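Asker: Quick one: the structure is below, and I'll ask about it shortly.
The values are calculated or read from the model by the stated rules, or taken from the named source; none is laboratory data. What you see is a predicted model; the values in this text were computed from it and never measured. We place every Cβ from the backbone using ideal geometry, glycine too, and count neighbours over all the protein chains shown.
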Amino acid sequence: MATLGNPKNTIEILNKYKFVMQKKFGQNFLIDTHVLEKIINSADLTKDDFVLEIGPGIGTMTQYLAEAAREVVAVEIDTKLIPILEDTLSDYDNVTIINQDVLKLDIKKLAEERNGGKPIKVVANLPYYITTPIIMGLFESHVPIDSITIMVQKEVADRMKVGPGTKDYGALSLAVQYYADPYIVANVPPNCFMPRPNVGSAVIRLTRHKEVPVKVDDESLMFKIIRASFNQRRKTLVNGLNNSPEIHLSKELIAEALEEAGFLANIRGEALTLEQFAELSNIISRKMK
Ligand code: SAM
């Protein structure tokens, strides 16, 4: 039985191990069973599933995951949490703890070895300081993924969902929507965590597209163009692309490509949809050959 998701039991474990929470690791532990159940339900787990949990903390959500899935691998950076996890998860024989920085872990290889290369599910209450690199890393390294169900800062969840013409629209919105269908499951207030974060949170489920929604000849070029467009938000697309450290295109080539795509010369990146970025990237890719 999962037992940790309340303030009393969490404090008991923290005291037993004299554990001091570390801000630098984004440690805000969940203490609300309703929220935990909501996450587990929206992750839609079955006994066939292999789950990767990022940052298990003291194992609060890990217990729920172990009960719902076939196998759970939980990656935790903080060495001081490992003896605690060995204690709180001792009843489960389908959980493996890896003491490592998730950004340094070869998740594709892990999915290959532990799940025969079949799509995995990622479920996590993420450390907020590295939300974007974690999500981008999962998608861009082409880990076989079915879905990612995560707690993130509310503002970041909103950014993943929005389209052009809104202030939150950016490279993260486009990347997430290229790979997945985002759905906000619930908003979660600070009092559901210990200690309370300074920001509101939200659970978001990213369901991987079976097929990408737009045809792109060179995915990596498209994302370089997208990043260049939003790096300099107040600049026109021509200037953004021209000043990019990642791609080296002449102003003439960019101007020709924009004209061919039917955009005004002074258009800004934030006005373009994913389809339009794909089209522009395909034109630029042809012109670069
Ligand atoms: N899952 C627990 C819960 O819901 O109560 C803890 C969530 S807490 C927001 C984030 C966790 O991620 C912490 O346990 C923290 O130590 C861990 N963490 C932070 N950076 C990490 C990294 N780079 N790799 C793996 N785990 C990390």
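Asker: Looking only at segment 94-133, count how many residues are under 25 Å from Arg227 (Cβ atoms) and in a loop (DSSP other than H, G, I, E, B).
Answerer: In the first step, residues of segment 94-133 are kept if they are under 25 Å from Arg227 (Cβ atoms); the result is 101-108, 122, 124, 126-133.
Then keep just the ones that are in a loop (DSSP other than H, G, I, E, B); that gives 101, 105-106, 126-127.
Of the residues in that region, 5 qualify.
For every residue, the table says whether it meets (1) more than 18 Å from the chain's Cα centre (by Cα); (2) loosely packed, with under 14 Cβ neighbours inside 10 Å; (3) under 30 Å from Glu37 (Cα atoms).
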{"position": "Met194", "(1), (2), (3)": "yes, no, yes"}
{"position": "Asn198", "(1), (2), (3)": "yes, yes, yes"}
{"position": "Met222", "(1), (2), (3)": "yes, no, no"}
{"position": "Ile225", "(1), (2), (3)": "yes, no, no"}
{"position": "Gln232", "(1), (2), (3)": "yes, no, no"}
{"position": "Asn243", "(1), (2), (3)": "yes, yes, no"}
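Asker: Now, a different point. Looking at segment 231-266, which of its residues are in contact (Cβ under 8 Å) with a residue 12 or more places away in the chain, farther than 23 Å from Val176 by Cα and not in a helix (DSSP H, G or I)?
Answerer: Hits for segment 231-266 are Lys235, Thr236, Asn243, Leu249, Phe263, Ala265, Asn266.
Asker: Which of (1) in a helix (DSSP H, G or I); (2) in contact with a Ser or Thr (Cβ under 6 Å, 6 or more places away or on another chain); (3) in the same structural domain as Asp32 (by the TED database) does Tyr178 not meet, given it meets every other one?
Answerer: Tallying (1) in a helix (DSSP H, G or I); (2) in contact with a Ser or Thr (Cβ under 6 Å, 6 or more places away or on another chain); (3) in the same structural domain as Asp32 (by the TED database), Tyr178 fails exactly one: (2).
Asker: Do you know which of the residues in segment 73-91 that are surrounded by fewer than 18 Cβ atoms within 10 Å (Cβ to Cβ), free of Cβ contacts under 8 Å to residues at least 40 places away in the same chain and within 14 Å of the ligand (Cβ to nearest atom) is farthest from Glu12 (Cα to Cα)?
Answerer: If we take residues in segment 73-91 being surrounded by fewer than 18 Cβ atoms within 10 Å (Cβ to Cβ), free of Cβ contacts under 8 Å to residues at least 40 places away in the same chain and within 14 Å of the ligand (Cβ to nearest atom), then Thr79 is farthest from Glu12 (Cα to Cα).
Asker: Name every residue in segment 32-56 that is out of contact with any helix residue (DSSP H, G or I) (no Cβ under 7 Å at 6 or more places or on another chain) and assigned to a loop (DSSP other than H, G, I, E, B), in order of residue number.
Answerer: Asp44, Thr46, Lys47, Asp48, Asp49, Gly55
Asker: Okay, moving on. Inspect all residues belonging to segment 92-111 and state whether any of them is closer than 20 Å to Leu206 by Cα, within 18 Å of the chain's Cα centre (by Cα), within 13 Å of the ligand (Cβ to nearest atom) and charged (D, E, K, R). Walk me through it before giving the result.
Answerer: Of the residues in segment 92-111, the ones closer than 20 Å to Leu206 by Cα are 102-103, 107-108, 111.
Among the residues that remain, those that are also within 18 Å of the chain's Cα centre (by Cα) are: 102-103, 107-108, 111.
After this cut, where a residue has to be within 13 Å of the ligand (Cβ to nearest atom) as well, the list is 102-103, 107.
Retained after the next criterion (residues that are charged (D, E, K, R)): none.
Among the residues of segment 92-111, not one is closer than 20 Å to Leu206 by Cα, within 18 Å of the chain's Cα centre (by Cα), within 13 Å of the ligand (Cβ to nearest atom) and charged (D, E, K, R), which makes the answer no.
Asker: Output the number of the condition that Tyr128 fails; it satisfies all remaining conditions of (1) more than 20 Å from Pro197 (Cβ to Cβ); (2) of a type in the set (Phe, Trp, Tyr); (3) within 11 Å of the ligand (Cβ to nearest atom).
Answerer: Failed condition: (1).
Asker: Here's something else I'd like to know. Can you tell me which residue in segment 175-190 is surrounded by the fewest Cβ atoms within 10 Å (Cβ to Cβ), limited to those that are β-branched (Val, Ile, Thr) and under 23 Å from Leu36 (Cα atoms)? Working first, answer last.
Answerer: From segment 175-190, those β-branched (Val, Ile, Thr) are 176, 184-185, 188; that's our starting set.
Retained after the next criterion (residues that are under 23 Å from Leu36 (Cα atoms)): 184-185, 188.
Working: Ile184: 15, Val185: 19, Val188: 24.
Filtering segment 175-190 for residues that are β-branched (Val, Ile, Thr) and under 23 Å from Leu36 (Cα atoms), the one surrounded by the fewest Cβ atoms within 10 Å (Cβ to Cβ) comes out as Ile184.
Asker: While we're looking at this one, here's another question. Name every residue in segment 134-145 that is away from the ligand (no atom under 15 Å from the Cβ), at pLDDT below 95 and outside any loop (DSSP other than H, G, I, E, B), in order of residue number.
Answerer: Across segment 134-145, the qualifying residues are Phe139, Glu140.
Asker: For segment 10-31, which residues satisfy the criterion of being within 12 Å of the ligand (Cβ to nearest atom) and part of a helix (DSSP H, G or I)?
Answerer: Thr10, Ile13, Leu14, Lys23, Lys24, Phe25
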